[in-house]
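Read the structure below first, then the notes.
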Amino acid sequence: MSIQDNVASQALLPRAADMLAGATKIRTIALAVLVVALALAPMAIHPAFLMKAMTFAIFACAFNLLLGYVGLLSFGHAAFFGLASYVSAHAAKGWGLTPEVAILLGTSAATLLGAIFGFIAIRRQGIYFATITLALAQLVYFVCVQTPSFTGGEDGITSVPRGALFGLIDLKSDTTLYVFVSVVFVAAMVFIFRIIDSPFGQVLRAIRDNEQRAISLGYRVNTYKLIVFTLSAGLAGLAGALKAIVVQVASLTDVYWAMSGEPIVMTLVGGLGTVMGPALGAMVFMGLQTYLSDLRSWVIFVQGAVFFVCVLFFRNGVIGLLPLRVRKWL
């Protein structure tokens, strides 16, 4: 390295440090606002809706971690969401385990399945990768249909007990369960922020922007892809396991191929490649689905219209309405 290059590099260090400090400050403020919003939201919105929306927000953020930061489009995330939902529901109802253990088992099962599916799928790119994930997810759906003793068949697993957290805190009350779900949701968001801000996250962006250059720099691209695929599957599993406890139902809908499309819509509506965007998209999507339920089948039409408008006129999603210097760190 020449003297001029060394001087230039030294000059960039303070600027990089200032940018990192600014990003940390904005994200800290965003998380603080999120905590305050979650604390005040039950005063205006029913906790049952908020809890379900938060589970799907985690699901959307898990999907976005794969597509937004690595550029891998998965059509099979319903497999992880649905499997975790079934395992969590069965553990809570069939085995009588406490909710945190049931959720942990569901998340672990989805993570393990994600590692297996990722090992198979990352060997292909583009539409081939997407098709393989869809095919693998359909295999999981077929297994769920053929094992009614575990999944309950078309009836699913109903009346899943919420139980007592750590055997001490009764979660039957919506208020108590809401606090628990909020803590898990905030922890998941912090975890995703840490992934994105880490050197590992920077490599993911490099792979997304120019995979061949990342390879030329010596990075084992497939290893990074496998790790992030597994992390994404685990977070999707966390969403599914939590949903089973919140809604008290695990059904074939959770593992059906159409469920894989929901996080795609949520991510694009909220803002692809941002952490908070998919969460906002999930809130919008679930709000339309819940509060327009009187429209019955027309709800799908309204959701499609909202999706069309966002893709056509708001390419950066809902979060794109924020100033650029703020949203790029969210």
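Read-outs throughout are calculated quantities, based only on the coordinates presented, and are distinct from any laboratory measurement. In this text, all values refer to a predicted model and were calculated from it rather than measured experimentally. Glycine gets a Cβ as well: all are built from the backbone with ideal geometry, and neighbour counts include every protein chain shown.
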Practice task
Evaluate the following for Ile157: is it in contact with a Leu (Cβ under 9 Å, 6 or more places away or on another chain), more than 17 Å from Ala62 (Cβ to Cβ) and among the hydrophobic types (A, V, I, L, M, F, W, C)?
Solution key: no
Practice task
Restrict the check to segment 89-103 and report whether at least one residue is in a helix (DSSP H, G or I) and of a type in the set (Ser, Thr, Tyr).
Solution key: no
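For Gly82, indicate whether it is touching a Cys at 6+ places or on another chain (Cβ under 8 Å) and either in contact (Cβ under 8 Å) with a residue 12 or more places away in the chain or part of a loop (DSSP other than H, G, I, E, B) (or both). Talk me through it step by step, then tell me what you get.
Details: touching a Cys at 6+ places or on another chain (Cβ under 8 Å): yes; either in contact (Cβ under 8 Å) with a residue 12 or more places away in the chain or part of a loop (DSSP other than H, G, I, E, B) (or both): yes.
Yes; evaluated as a whole, the condition is true for this residue.
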Exercise for the section: Test Gly126 against the criterion of being crowded, with 19+ Cβ neighbours inside 10 Å and within 22 Å of the chain's Cα centre (by Cα), and give yes or no. Expected result: no
Completion exercise
When every residue in segment 185-228 that is in contact (Cβ under 8 Å) with a residue 60 or more places away in the chain and β-branched (Val, Ile, Thr) is compared, the one nearest to Ala130 (Cα to Cα) is Val228
Exercise for the section: Filter segment 240-257 for residues that are assigned to a helix (DSSP H, G or I), closer than 23 Å to Glu154 by Cβ and within 16 Å of the chain's Cα centre (by Cα) and give the result. Expected result: Gly240, Ala241, Lys243, Ala244, Asp254
Problem - Checking Val311 against (1) more than 22 Å from Met189 (Cβ to Cβ); (2) crowded, with 22+ Cβ neighbours inside 10 Å, the condition it does not meet - result: (2)
Handout entry: Filter result for the condition that a residue is farther than 21 Å from Thr274 by Cβ, in contact with a helix residue (DSSP H, G or I) (Cβ under 8 Å, 6 or more places away or on another chain) and buried (at least 19 other Cβ atoms within 10 Å of the Cβ), over Ile196, Ile157
Key = Ile157
Completion exercise
Gly71 vs (1) under 30 Å from Ile127 (Cβ atoms); (2) surrounded by fewer than 24 Cβ atoms within 10 Å (Cβ to Cβ); (3) within 14 Å of the chain's Cα centre (by Cα): all pass except (3)
